[in-house]
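The values are calculated or read from the model by the stated rules, or taken from the named source; none is laboratory data. The structure displayed is predicted, hence computed values, not measured ones. Ideal geometry is used to build each Cβ from the backbone, glycine not excepted, and the neighbour counts take in all protein chains shown. Ligands, DNA and RNA are excluded from the accessible area calculation, which covers all protein heavy atoms including side chains. Shrake-Rupley method; radii C 1.70, N 1.55, O 1.52, S 1.80 Å.
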Amino acid sequence: MRKTFTIFTAVALLLSIVLAGCSSSDKTSSKEEKNSGKTTIRILSRMGGDDPESKAFNELLAKFMKENPDIKVIDESLNDESAFNNKFKTSVATGNVPEIWVNYGGQAFKEYAKNIAMDLTPVLEKDKQWSDAFLPLFDTWKYDDLPGIYGVPSEFYSIALFYNKELFEKIGAEPPKYIEEIPELQKKFSKEGITLIRMGDKENFRGGHLISNITMKKFGLQKTEDLVSGKAKYTDKDMLEIFKVMKQWADLGVFGDNIVTTDDNEVTSAFTSGKSAMLFNGSWGISSLAESDIADKIGVIPFPGFKDAPDHLNTWHGGAGGYSVFKELKGKKKDAAIKLLKYLTSVDTFKYYFEKSGGGVYPVKMDMGSLKVDPVTQEYTKALESSKEFLMEITAYDPRPQFQDKLRNEIQGMFAGNSPEKTAENIQKFSNNLK
C-alpha cells in the first residue's frame with residue numbers, strides 16, 4: 001500500500017478555494033465534450049508506472065471506452081508519490097478536481113469527505129451484486145459524525161502470520177489461535193534451535209504493526225478511539241499489559257536476537273531457510289514467498305487473539321486504498337463516473353489484475369476458479385475467509401502525524417531494553433504535550 005499523509009495536511013487551506021474554481025474547470029470540460037460529443041471523465045490514480053498492474057489498468061480503461069463509446073476517459077495517473085501528491089493538491093487549489101481519484105481514507109481524509117467527495121451510499125445500496133462482493137473495508141471512508149461512505153476499495157493490504165507447516169509437524173503442534181499459546185510454542189521450537197517468529201525492528205514499523213495487532217485483538221477499535229480522544233491513556237493498566245506481552249515475547253526469544261538491528265530481508269531469509277517457524281508480514285510479501293523454495297510448505301493464519309476476547313478473533317490488521325468521486329457531478333457526467341467506478345472495482349476487473357500481475361490479493365471475495373494461483377496466495381486467500389473487519393495501525397486513527405514516529409521509536413526502545421512502564425510513560429507524555 002502506498003499510503004501518504006502529506007496530501008491531507010494542507011486541506012484546510014485548499015478546500016476554501018475549490019468551489020470558486022469549479023466553474024472554470026466545468027467550462028473547460030464542457031467545451032471538450034461539446035467538441036467530441038462524448039462525456040469526459042478524468043481519473044487520477046497511482047497506476048502510472050510500467051509495472052504489470054499499471055499496464056493492466058491502461059488496458060482496462062481502453063476496454064471500458066470501447067464498450068462505452070459515448071464516454072472518454074482521461075487518465076491523469078502518476079506513479080511517483082510526490083508527483084501524485086502535488087498534482088492532487090494543485091487540482092484542489094484550482095478547483096480542477098478530477099471526477100475520480102484514488103486515496104487512502106482515514107481521519108486524514110475526513111475534510112475531503114465533508115467538502116468534495118460524494119456520498120456513495122445510494123450507489124452501493126442500489127447495486128448489491130457489486131457492493132456485496134467487497135471485503136469489509138468501507139470503514140476506511142466512514143466517520144461517526146459524518147453519515148455516508150466516501151470511497152470504494154480498489155486495493156487492499158492486510159497483515160498475517162505465514163508459517164512453515166513442516167516445522168510445526170516436526171514439533172507436533174498446530175499454529176497458534178491464541179496469544180496465550182505463544183510462550184509454550186517458543187519453548188518447543190527453541191529446543192529444536194528454531195526461532196518462533198523472527199522479527200526485525202530496524203526500520204521501526206514492525207513494532208507499530210505488532211502493538212496494533214495485539215491491541216485490536218484485545219479491544220477491537222474502541223481502545224484506539226479512546227486513546228485518540230484522550231479518554232484512555234497508554235499508561236492505563238489494560239494498555240500496559242499489551243506492552244508487557246510484547247516485552248515478554250522479546251525476552252523469551254520469540255523474535256530472536258538483535259531485534260532492533262535486524263532488517264526485513266534478514267527476517268524473510270530466516271523464514272525461507274527454515275531458521276524460524278513463522279513470519280509476521282503483510283500481503284505485499286506473498287509474491288516473494290511464492291517464489292521461495294518452501295512455497296509448498298507455507299500456511300497462513302490471522303494474527304492470534306485472546307481467549308477472553310473471542311469477539312475480536314476475526315479482526316485483521318489491514319486497510320484499503322480506493323476511489324472517491326467528486327460530489328459536484330450531475331447528469332451524464334455523474335452517470336459516466338459511477339459506471340467507470342463500478343467497472344474498475346468489479347470482481348471481473350480484479351480477476352484481470354490477478355491474471356496480468358501473476359497473483360496478489362484484492363478487496364473482493366472472488367472464486368479463483370480456473371485462475372492459475374500460486375500456493376501461498378491460495379493459503380492467504382483461504383485465511384482471509386475468516387475476516388470480519390479490518391483495522392488500520394493505531395496511529396492511522398490519530399490526526400497528529402508526528403505521533404506515529406514517537407510510538408514506533410518508543411517500542412523500538414523497549415526492544416532495546418526499556419521497561420514497558422517507561423515506554424508507556426514516554427508515549428503518554430509525548431501525547432499530552434501535542435495537545
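Worth pointing out:
- Total formal charge among the other residues, if their Cβ is under 13 angstrom from that of GLU425, Lys/Arg +1 and Asp/Glu -1: +1
- Top positive-direction residue, dipole computed over the chain with Cβ charges, set SER357, TYR343, GLY208: TYR343
- Cross-link reach is defined here as a Cα-Cα straight distance under 18 Å, omitting same-chain residues fewer than 8 places apart; for LYS422 the aspartates and glutamates meeting it are ASP236, ASP238, GLU241, ASP251, ASP405, GLU410.
- Computed about its Cα centre, the charge dipole of the chain is approximately 1040 debye, with only Lys, Arg, Asp and Glu carrying charge at their Cβ.
- Cα-based helix-to-principal-axis angle, 331-344 vs the chain, degrees rounded to 10: 30 degrees
- Computed E for LYS237/ASP127 - FRET, C-beta separation, R0 60 angstrom, nearest 0.05: 0.80
- Computed from the C-beta positions of LYS429 and THR94 and an R0 of 41 Å, the FRET efficiency is 0.45 to the nearest 0.05.
- Length-normalised contact order of the chain in % [C-alpha pairs under 8 Å, at least 6 apart]: 24 percent
- Put a plus charge on the Cβ of each Lys and Arg, a minus charge on the Cβ of each Asp and Glu, and nothing anywhere else: the dipole of the stretch 76-196 about its Cα centre is then about 200 debye.
- Positive-end residue of ASN432, ALA416, PHE88, charge dipole of the chain with Cβ unit charges: PHE88
- Accessible area of the stretch 248-318 divided out per residue, in Å², using a probe of 1.4 angstrom: 42 Å²
- Think of the stretch 181-265 as having a plus end and a minus end, set by charges on the Cβ of Lys, Arg, Asp and Glu; of ALA250, PRO183, THR261, PRO183 sits farthest toward the positive end of this dipole.
- Cross-link pairs exceeding 32 Å in C-alpha to C-alpha distance, out of LYS187/LYS231; LYS339/LYS365; LYS202/LYS327; LYS72/LYS110; LYS87/LYS429; LYS223/LYS356, comprise LYS187/LYS231; LYS202/LYS327; LYS87/LYS429; LYS223/LYS356.
- When restricted to Cα atoms, the chain yields an Rg and a Dmax of 23.0, 76 Å, respectively.
- A Förster radius of 45 Å combined with the Cβ-Cβ distance from THR261 to LEU371 puts the calculated FRET efficiency at roughly 0.65.
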